[in-house]
Amino acid sequence: MKSFNQKAKITLVGAGPGDPELLTIKGLRAIQTADVILYDSLANPALLDHNPHAHKVFVGKRKGWQKFSQDQINDLLVDFAKFPYHIVRLKGGDPMVFGRAMEEIATAQAHNIPVEVIPGISSYSGAAAYQQIPITERGISRSFWVVTGTNKDGELNKDLELAAQSSATVIVLMGMSKLTEIVDLFSQHKPADYPVSIVQNATRPDTRSLSGQLDNIVALNTIAQLGSPGLLLFGAAARNLDAVQKEIAAIKTAEI
Ligand code: SAH
């Protein structure tokens, strides 16, 4: 493949949470000038159509099966930079939010490859906006926490223990597989009617959401079966989910 670029460069681009229109203009320009695009499973593949000429490499996980390890991705970045290519590393949401961006930035720096990071709309922010959930609310929630449900060994993140004690809106990424444990943890610190919402496939046409409270969300989700990619929202702000209320009403009707 012909390189359009005289100099190697790596651009980490935030693809946004799913809706392909939630890409920044700067991210779009980076994609359009790329020689090669390495993309993750959470980056909408429709974004690749912005550059029919670039070589595209899927480096994400699919159904628990990982095609490339982070080390292999880092090696690919270095190998493609030798051509020299402009490499776009297209990552779901925002690259700096649970995106392992530092490892790729460090690789670029170690090889003297110029690197740039273009932010994207993170899934927590996309989910909140599309579900019309204000994650801060005057007089109700004065801060928000974005935490991972699990650590790198797949265990419950200890920060959740602190998050559950705060009055902040708490948004948990990578927590769907530990829903029961996370809800149990919050239940130790909050009342049974403390609001909880789940949003799957935020900002995508197939988005699904569910809202309830600590004492019923697990049961509701055994019926609704919301799964990956999904996030959890805890706190008063999670109450304002009109679409979700309809979904609960539908589930309750189905139960009767
Ligand atoms: N950098 C990404 C997060 C990567 S971690 C960002 O800024 O959003 C991957 C986790 O993000 C998933 O396990 C899920 O919890 C969340 N996620 C990503 N896209 C999502 C979407 N469209 N809807 C709901 N959750 C999503």
Among (1) within 20 Å of R239 (Cβ to Cβ); (2) at pLDDT below 95; (3) over 18 Å from the mean Cα position of the chain (by Cα), where does A164 come up short? (2)
Sort through I31, I37 and tell me the only one that's away from the ligand (no atom under 13 Å from the Cβ), of a type in the set (A, V, I, L, M), part of a helix (DSSP H, G or I) and buried (at least 21 other Cβ atoms within 10 Å of the Cβ). I31
Of the conditions (1) within 15 Å of the ligand (Cβ to nearest atom); (2) open to solvent by less than 60 Å² (accessible area, probe 1.4 Å); (3) among the aromatic types (F, W, Y), F186 clears all except one; give me its number. (1)
Wholly within segment 82-183, helices (runs of 4 or more DSSP H) carrying at least 1 residues that are surrounded by 19 or more Cβ atoms within 10 Å (Cβ to Cβ), among the aliphatic types (A, V, I, L, M) and more than 14 Å from the ligand (Cβ to nearest atom): 101-110, 159-163
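The values are calculated or read from the model by the stated rules, or taken from the named source; none is laboratory data. Computed from a prediction, not measured in an experiment: that's the story for all the values here. So basically every Cβ, Gly included, is an ideal-geometry build from the backbone, and we count neighbours across all protein chains shown. Please note that ligands, DNA and RNA were not included when accessible areas were found on the heavy atoms of the full protein model with its side chains. Shrake-Rupley method; radii C 1.70, N 1.55, O 1.52, S 1.80 Å.
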